[in-house]
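**Student:** Structure incoming, see below.
The values are calculated or read from the model by the stated rules, or taken from the named source; none is laboratory data. Bear in mind the structure is a predicted one, so any value in this text is a computation, not a measurement. Backbone-built Cβ (ideal geometry, glycine too); neighbour counts: all protein chains shown. Note: areas computed on protein heavy atoms with side chains; ligands, DNA, RNA excluded. Shrake-Rupley method; radii C 1.70, N 1.55, O 1.52, S 1.80 Å.
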Amino acid sequence: MRKYSVFAIAREAMRAHKGWDAQWISPEPRSAYDVIIIGAGGHGLGAAYYLAKQHGITNVAVIERGWLGGGNTGRNTTIIRSNYLYDESMDIYEHSLKLWEGLSQELNYNVMYSPRGVMMLSHNTHDQQSFKRHIHANRLYGIDNEWLTPEQAKAFCPPLDIAKTARYPINGAALQRRGGTARHDAVAWGYARAASDRGVHIIQNCEVTGIRRGPNGEVQGVETSKGFIGARKIGVSAAGHSSVVMEMAGVRVPLASNPLQALVSEPLKPIFPCVVMSNTVHAYISQSDKGELVIGAGTDQYNSYSQTGGLQIITHTLDAICELFPIFRRVKMMRQWGGITDNTPDRSPIQGVTPVPGLFVNCGWGTGGFKATPGSANLFAHLIATGAPHRLAAGLNLDRFRTGRLIDEAAAAAVAH
Amino acid sequence: MLLIHCPYCEEDRSELEFRWAGEAHIARPDAISEISDEEFAEYFFLRNNEKGLTYERWRHMHGCGRFFNAARDTVSDRFLMTYKAGLPKQPIPVAEERAAAAEEKTVETWEATEGDAR
Ligand SMILES: Cc1cc2nc3c(=O)[nH]c(=O)nc-3n(C[C@H](O)[C@H](O)[C@H](O)COP(=O)(O)OP(=O)(O)OC[C@H]3O[C@@H](n4cnc5c(N)ncnc54)[C@H](O)[C@@H]3O)c2cc1C
Ligand SMILES: [Zn+2]
């Protein structure tokens with residue numbers, strides 16, 4: 001792999017950009033691999049990269065039904081933060097945030113991580129108490145998170161309407177300055193390029209249709225639309241389809257697949273300096289480097305794999321955006337789409353071993369797993385390589401729904417991630 | 001937005017009037033204090049999350065207020081039928097099944113545009 005650098009750009013500029021390499025190879029599958037990862041989203045590709053880089057396991061295939069990064073990785077609103085309530089959550093999201101900080105250098109790929117600050121609006125006494133509880137928990141744990149008055153919030157984000165007469169008045173905000181955004185596609189492409197360079201096979205347009213198991217129940221490989229491919233270790237990282245894939249091995253996971261929508265506006269000049277989230281009125285907004293306002297809505301109430309969602313969900317969000325930021329009332333929306341998110345009962349992810357020998361699972365990231373991509377991938381690789389969870393992910397095990405040791409961010413974080 | 005037929009009101013009404021209420025036909029175990037942790041997890045947390053035909057409960061919250069059951073295709077979101085609470089799982093009428101199969105081929109989803117993923 002040729003490194004990307006200013007010299008490479010200069011060199012290519014002199015020869016009409018004819019010398020750029022393909023970023024990854026697209027090989028035909030071998031008959032068997034040491035490890036197969038199902039799902040080429042950021043989590044799966046990243047896990048393959050760390051398997052190769054940190055654990056020396058390079059005979060790895062990532063098998064993808066569609067195109068790499070075409071799932072939720074390529075559909076999300078890219079909010080990154082680590083100010084969750086429980087230790088288990090703070091451990092993994094903060095591990096991830098630290099990896100984001102050096103990811104472009106690590107991958108030699110500009111993932112455009114931009115710590116522009118994530119501000120969560122408080123609209124009532126309940127919000128205020130809950131956010132302050134988060135702030136104190138975070139600071140005791142060494143994670144930055146601070147309380148802002150409405151005036152301070154307005155100074156940080158000038159388009160915000162803090163009038164007492166506003167439809168959704170605000171009484172303060174929680175701000176994580178190290179939070180921000182990154183370029184979603186670049187994360188998938190950067191990991192794919194770096195993994196491919198280390199010998200990982202990324203096999204696209206290949207759907208896993210079955211998981212073959214041996215006499216002792218252990219995994220032997222996967223049936224796919226390109227035939228059987230063997231492996232003694234399989235990692236499932238299939239987001240909204242995780243329960244469908246796990247069912248192929250006879251394992252039930254407590255997931256509900258729900259559509260979640262986002263939309264972008266026409267491009268505007270730089271006007272919006274940070275990320276603003278309001279859990280209470282269901283609206284998240286930031287501005288991309290292209291200038292589009294990137295707006296996230298809520299999930300539909302029912303299970304679905306349709307990758308669309310109800311129009312009333314996004315109109316509700318746009319109502320809220322227009323009330324919070326009256327300046328955007330005449331902005332036109334350009335595109336809208338949905339992704340299928342995999343939600344657990346406690347709204348915390350599942351990463352760990354399964355009752356099936358050789359089968360590992362990473363799922364349940366639901367509406368908030370983009371921020372976790374580097375951290376989750378890194379710890380998933382550790383799990384697959386060593387067969388046991390890393391200390392930072394130990395609490396995320398599947399068994400917690402039997403033992404009752406939930407990580408109840410559902411109650412703590414309400415809806416938003 | 002979905003258009004949902006309430007079997008009590010016998011009317012098609014907009015989704016805004018309804019609340020989804022999870023998988024249908026799950027019975028609370030009789031001797032709940034005696035079941036094992038596995039059985040409790042199964043009853044309390046594990047749901048089918050089917051891709052395709054699913055049986056689920058809805059509540060006509062801003063209407064008659066009653067719970068009822070529905071059979072829906074989770075790929076096309078098409079309702080195949082709704083029926084009153086208390087009735088056992090109903091078989092899908094053949095005509096509905098055919099219509100759903102035909103619709104599934106034309107619905108604009110990633111599955112549809114990316115080939116037959118099912
Ligand atoms: C609209 C929207 C907004 C969001 N906003 C945010 C946000 O602001 N911040 C945040 O942190 N998170 C956000 N999320 C959540 C985030 O996108 C996901 O948690 C995260 O991207 C999941 O990454 P992944 O790699 O696990 O999944 P994906 O990128 O979905 O990858 C899974 C892959 O598995 C493949 N697959 C499935 N079944 C099979 C099969 N049988 N065989 C082969 N391959 C298969 C799929 O095709 C897919 O490519 C949002 C999600 C959505 C939909
Ligand atoms: Zn009714």
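**Student:** If you wrap the protein assembly as shown's Cα atoms in a convex hull and average its projection over all directions, what's the area in nm²?
**Tutor:** The directionally averaged projection comes out at 27.3 nm².
**Student:** Quick one: which residues, 5+ away or cross-chain, put their amide H under 5 Å from the amide H of B:H5? H built at 1.01 Å from N.
**Tutor:** Close amide H contacts, sequence-distant or interchain: B:R13.
**Student:** Taking 50 Å² as the minimum loss, tell me which residues in the stretch B:47-74 lose that much accessible area going from the chain by itself to the full protein complex (1.4 Å probe).
**Tutor:** Buried by the other chains: B:N49, B:K51.
**Student:** What does the accessible area per residue of chain B come to in Å², with a 1.4 Å probe and no ligands, DNA or RNA counted?
**Tutor:** That works out to 57 Å² per residue.
**Student:** Helix A:87-107 sits at what angle to the longest principal axis of chain A, using alpha carbons and giving 0 to 90 degrees rounded to 10?
**Tutor:** 80 degrees
**Student:** What does the accessible area per residue of chain A come to in Å², with a 1.4 Å probe and no ligands, DNA or RNA counted?
**Tutor:** Here the residues of chain A average 39 Å² of exposed surface.
**Student:** Name the residues of the stretch A:292-314, by number, that are at least 40 Å² less accessible with every protein chain in place than in the isolated chain; the surface is that of heavy atoms, probe 1.4 Å, without ligands or nucleic acids.
**Tutor:** Going by heavy-atom accessible area, the residues of the stretch A:292-314 that drop by at least 40 Å² are A:Q301, A:Y302, A:N303, A:Y305, A:S306, A:Q307, A:Q312.
**Student:** Angle between the Cα long axis of helix B:94-106 and the longest principal axis of chain B, 0 to 90 degrees, nearest 10?
**Tutor:** 60 degrees
**Student:** Sequence-distant or interchain residues sharing an amide H contact under 5 Å with A:G41, placed H: which?
**Tutor:** Under 5 Å from the amide H of A:G41 lie the amide H atoms of A:G69, each far enough along the sequence or on another chain.
**Student:** Quick check: the distance between the Cα centres of the stretch A:303-345 and the stretch A:176-237, to the nearest angstrom?
**Tutor:** 30 Å
**Student:** List the lysines whose Cα lies under 24 Å from the Cα of A:K233, skipping any in the same chain that are fewer than 8 positions away.
**Tutor:** Those lysines meeting the cut-off are A:K53.
**Student:** Sticking with this structure for a sec: When the accessible area of the protein assembly as shown is computed with all protein chains present and a 1.4 Å probe, what percentage of it is carbon and sulfur?
**Tutor:** Taking all protein chains in place, the protein assembly as shown shows 53 percent carbon and sulfur surface.
**Student:** Still on this structure: In degrees, nearest 10, range 0 to 90: what is the angle between the Cα axis of helix A:311-324 and the longest Cα principal axis of chain A?
**Tutor:** 40 degrees
**Student:** Can you list residues whose amide H is under 5 Å from B:D77's amide H, if they're 5+ apart or on another chain and H is modeled 1.01 Å from N?
**Tutor:** Long-range HN contacts for B:D77: none found.
**Student:** Per residue of chain A, what 222 nm ellipticity follows from adding -39500 (n - 2.57) for every DSSP H run with n ≥ 4, rounded to the nearest 500?
**Tutor:** Taken over chain A, the calculation gives -9000 deg cm²/dmol.
**Student:** Which net charge results when you count Lys and Arg as +1 and Asp and Glu as -1 among the other residues whose beta-carbon is under 12 Å from that of A:T403?
**Tutor:** Charge balance in the 12 Å sphere: 0.
**Student:** Extending each Cα 7 Å along its Cβ direction at B:R98 and A:S5, get the distance between those two points in nm, one decimal.
**Tutor:** 6.9 nm
**Student:** For the protein assembly as shown, what proportion of DSSP beta bridges, expressed in % and rounded to the nearest 5, is antiparallel?
**Tutor:** Given both bridge residues lie in the protein assembly as shown, the antiparallel proportion sits at roughly 75 percent.
**Student:** Over the stretch B:3-117, what is the mean sequence separation of C-alpha contacts under 8 Å (at least six apart), divided by residue count, expressed as relative contact order in percent?
**Tutor:** Result for the stretch B:3-117 is 21 percent.
**Student:** Please list 3J(HN,Hα) in residue order for the stretch A:125-142, calculated via the Karplus relation 6.51 cos²θ - 1.76 cosθ + 1.60 where θ = phi - 60°; whole Hz, with x for glycine and proline.
**Tutor:** Values, residue by residue: 4, 4, 4, 4, 5, 5, 5, 5, 4, 4, 4, 5, 4, 5, 5, 5, 8, x Hz.
**Student:** Continuing with the same structure: What pairs from A:K18/A:K269; A:K154/A:K269; A:K98/A:K164 go past 26 Å between their alpha carbons?
**Tutor:** A:K18/A:K269; A:K98/A:K164
**Student:** Quick test of your reading: applying the under-4.7 Å Cβ rule, which cysteines of chain B are isolated?
**Tutor:** Result for chain B is B:C64, no neighbouring Cys Cβ within the cutoff.
**Student:** Determine the relative contact order of chain A: mean sequence separation of Cα pairs under 8 Å and six or more apart, normalised by residue count, in whole percent.
**Tutor:** This gives 22 percent for chain A.
**Student:** Something else about it: In the stretch A:251-283, which residues become less accessible by 40 Å² or more once every protein chain is in place, relative to the chain on its own, using a 1.4 Å probe?
**Tutor:** When all protein chains are present, A:R252 each give up 40 Å² or more of accessible surface.
**Student:** Moving on to the next point. What order, most packed first, do the peptides A:363-373, B:5-15, A:284-294 have when packing is the mean number of other Cβ atoms within 10 Å of each residue?
**Tutor:** Order by mean packing, descending: A:363-373, A:284-294, B:5-15.
**Student:** Also, quick follow-up: Sort out for me the Cα centre separation of the stretch A:1-58 from the stretch B:39-73, rounded to whole Å.
**Tutor:** About 43 Å separates the Cα centre of the stretch A:1-58 from the one of the stretch B:39-73.
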